[in-house]
């Protein structure tokens, strides 16, 4: 009986499962169309998931397949992201695929509007957020680095929130700004920078490079334009997404220094006496100052976003938090951000939008520390024989060498805090007057309120502690009004005409109070009245810009393209009415050769377009009132104990000061091969900037100082190429890659009546003369140094064996600063990036390599620890032990004990090759799909950044510099620059 029951149970189970299978796998015909935008996609492979059954779309992008009602279909095509769709008992399924390469139908954001990529005549590069999704980037500049041809990005400082230098097609100006214009959702930023924008909110970035693309921004487009479009909600169900990562940050390398024994022995040799009675007694002892100031930093990043809406109203809301501790002890930054993008269609003709972004940042000790004796240089120079503390908690303030303060004391005791509140608010209105005429209004405000505060206690400022605070307010208001006409005629003529009126106003206000002789440090920097000596200062500026713009784009038969732009800008920064206005025309033409029958007959090209453009852009990036005659405040006591306010003549008036202008010519070619799987864009450009806004020195007999004049000319020319390839695109495996390369040359053509301008001395005391100049015929950032040839191996013309061998350029029989020559430039000549994405089923691997070549770096950090100077009596560099002796005549270093030797820090001995190739990112990701987790798609990522660097540079980081990120005339000097870290990161993305 039991056996019969068991048999019936088995039969019943078989019946249930068979019925389920019949329901699940009941075949039904499914048909539909696969497209990308308005374009049908032929050759798309349509799989029934989990089976070998498949078909392909025809020339019209249509398919038909018999599939079970509960099955899933996978759509796959080379150059497009695969897509999986559930049948759900449907008989018709239409699918739109997203290209992994830049498609011709892709809509590109251009100045004050959009265009299809196939209709562009200018040089514009696009960067989608998907290109860096597996790299834990904290700012938009990191996302751009190495991924866009013609764009140079250098992390000048590795400090949390540190400065970044971005240049598009080189540097145009000497004194005026070379930073590109950043436009976010139609608002041109003035009060805040790209570092303040939350990179997780960015949907795409467009880089406008040639004059045809940038001239519509006129006076603000000479250095290129980066247009940032933030994310918006999409109609449909609510989408919730969490992005987070945790990083561990360590130094990429450290200097090799003498241990305590070797240091003591070399100090005795240099001094010629027993500075250290028994160097061997330091065996196994000593202080590693590098290990004390550097530590493992931790970064945590969290973002939560909610988006969705209906066909009439859409929203995107996000919150962001990041906490980053720096490589250097006692440095960190904390940032909070909130964004809300709201869009609503009020009627068939009227739509409105509102974007709000606000951020709060707290930074601790992240200011520029690139100066002589800062903790980085001091940690390398301080004697390893010295202890950190004299006794107990009392710092060892003074060392046998150098003369600088205890680096660990400095980095632990200093207190410098920055608190900033930034916001960008913009409102948009679009009114479609007819189907071919629309009116747009965009009103935007970007603002920044910053407080800086410091406290110098007795350890930092012995016997004279002090404190101070400063407040800064910057508000920029912009109103843009545009009228756009767009109409097609007879299916062959496509015309777009736009007229724009724009107003911009910016106000800046700052107040500073500081003092010394602080009677008590217990209140920190909150009670400045406790300073016995006090001082206050304030400043205010206000500038405005009024602009009129016109642009017309015409396409004939989808083959021949022309775009013309004209912009007139009136700036309050110039005095005379004639000079206030600048006029900036441009024209771009294009020929879509791939639409010609003789090209179609070749059957090779999916796209071929020849482009050419010419135009003029301007630069007015100088401080307001720079053209006016100014007075400088001064205080004098007249022999009494009371200070009286007075004034001295400052910079003289120059009513003739006018716009700095840049003329640029660009010739480009866009080529698509292998059915759009291989896309190549190449450009040659030539930029000539004249009437430079240059600070010209005034002779001492005329009162001294400087004044702005329109003097000089600079030329930039170069070649850039971008290759985007979908190398392999199969059902389970794909490999896509992008390669970009840029080669360019910068040259100072003219400086007016001068041929050379000396740049300010950096690191005075260690560096005692100008080591950089601006010279005609040379690039910006040129080094001016005494040529060093090595060490004399024997006596020669009055120089002793073992002394440094310098070149007597002047021929006067002696060595001095008169022998300085141009010895290279800080500007790179060639840069490239190679980004690879591999996908196998649910695994993805990203490998990104970035490189820069042809630039020089003056390693003042290295110089300060390599040979005796007035600041550093005894060198600490391990290499310095290889000095000349009678038994070591092939030594690299001069005998540091020589009484006849003279060492010039300002020589080519310390000029090093700054070229590098860096494995920037390697990341491995795995995705758990929603059908596995039952509630969300979850993506796990393990990655590493700055993993390995190939370079001849001997410092910490070939990217880091102690010069300002805003300057290109002063560049490439490493004087204790804050290095970037090597990072290991674990990230999680949860998408509901």
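Figures for the structure shown
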read-out	value
Test set (1) in contact with a strand residue (DSSP E or B) (Cβ under 9 Å, 6 or more places away or on another chain); (2) in contact (Cβ under 8 Å) with a residue 24 or more places away in the chain; (3) surrounded by fewer than 17 Cβ atoms within 10 Å (Cβ to Cβ); (4) closer than 30 Å to residue 880 by Cα - residue 379 fails condition number	(3)
Matching residues, segment 594-606, being touching a residue at least 24 places away in the same chain (Cβ under 8 Å) and surrounded by fewer than 20 Cβ atoms within 10 Å (Cβ to Cβ)	595, 596, 604, 605, 606
Lone unmet requirement of (1) in contact (Cβ under 8 Å) with a residue 40 or more places away in the chain; (2) in a strand (DSSP E or B); (3) crowded, with 16+ Cβ neighbours inside 10 Å for residue 517	(3)
Flag for residue 827 being within 29 Å of the chain's Cα centre (by Cα) and assigned to a loop (DSSP other than H, G, I, E, B)	yes
Test: residue in segment 921-928 that is more than 30 Å from residue 819 (Cβ to Cβ) and more than 29 Å from the chain's Cα centre (by Cα)	yes
So residue 159, is it assigned to a loop (DSSP other than H, G, I, E, B), at pLDDT 90 or above and over 30 Å from residue 312 (Cβ atoms)	no
Residue check, residue 888 under 29 Å from the mean Cα position of the chain (by Cα) and either touching a residue at least 24 places away in the same chain (Cβ under 8 Å) or under 30 Å from residue 290 (Cβ atoms) (or both)	no
Test: residue in segment 836-848 that is in a loop (DSSP other than H, G, I, E, B), touching a strand residue (DSSP E or B) at 6+ places or on another chain (Cβ under 9 Å) and more than 30 Å from residue 927 (Cα to Cα)	no
Any chance residue 223 is at pLDDT 90 or above and surrounded by fewer than 24 Cβ atoms within 10 Å (Cβ to Cβ)	no
Flag for residue 288 being outside the structural domain of residue 163 (by TED's automatic domain parsing) and crowded, with 17+ Cβ neighbours inside 10 Å	no
Selected residue (only one of 464, 449 is touching a strand residue (DSSP E or B) at 6+ places or on another chain (Cβ under 9 Å) and in a strand (DSSP E or B))	449
Sole exception among (1) at pLDDT 95 or above; (2) over 30 Å from residue 335 (Cβ atoms); (3) surrounded by fewer than 17 Cβ atoms within 10 Å (Cβ to Cβ) for residue 500, by number	(3)
Given (1) crowded, with 16+ Cβ neighbours inside 10 Å; (2) modelled with pLDDT under 95, number of the condition residue 462 does not satisfy	(1)
Residue list for segment 201-224, filter: within 15 Å of the chain's Cα centre (by Cα) and more than 27 Å from residue 718 (Cα to Cα)	202
Hey, residue 982 surrounded by fewer than 22 Cβ atoms within 10 Å (Cβ to Cβ) and more than 20 Å from the chain's Cα centre (by Cα) or not	no
Test result for residue 678, at pLDDT below 95, surrounded by fewer than 19 Cβ atoms within 10 Å (Cβ to Cβ) and out of contact with any strand residue (DSSP E or B) (no Cβ under 6 Å at 6 or more places or on another chain)	no
Number of positions in segment 816-836 that are surrounded by fewer than 21 Cβ atoms within 10 Å (Cβ to Cβ) and touching a residue at least 40 places away in the same chain (Cβ under 8 Å)	8
Criterion (surrounded by fewer than 17 Cβ atoms within 10 Å (Cβ to Cβ), within 22 Å of the chain's Cα centre (by Cα) and within 30 Å of residue 255 (Cβ to Cβ)) met by exactly one of 323, 365, 332	323
Some residue of segment 658-669 being part of a loop (DSSP other than H, G, I, E, B) and surrounded by 15 or more Cβ atoms within 10 Å (Cβ to Cβ)	yes
Residues (crowded, with 21+ Cβ neighbours inside 10 Å and touching a helix residue (DSSP H, G or I) at 6+ places or on another chain (Cβ under 9 Å)) located in segment 789-807	804, 806
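The values are calculated or read from the model by the stated rules, or taken from the named source; none is laboratory data. These numbers come from a predicted model, not from an experiment. Backbone-built Cβ (ideal geometry, glycine too); neighbour counts: all protein chains shown.
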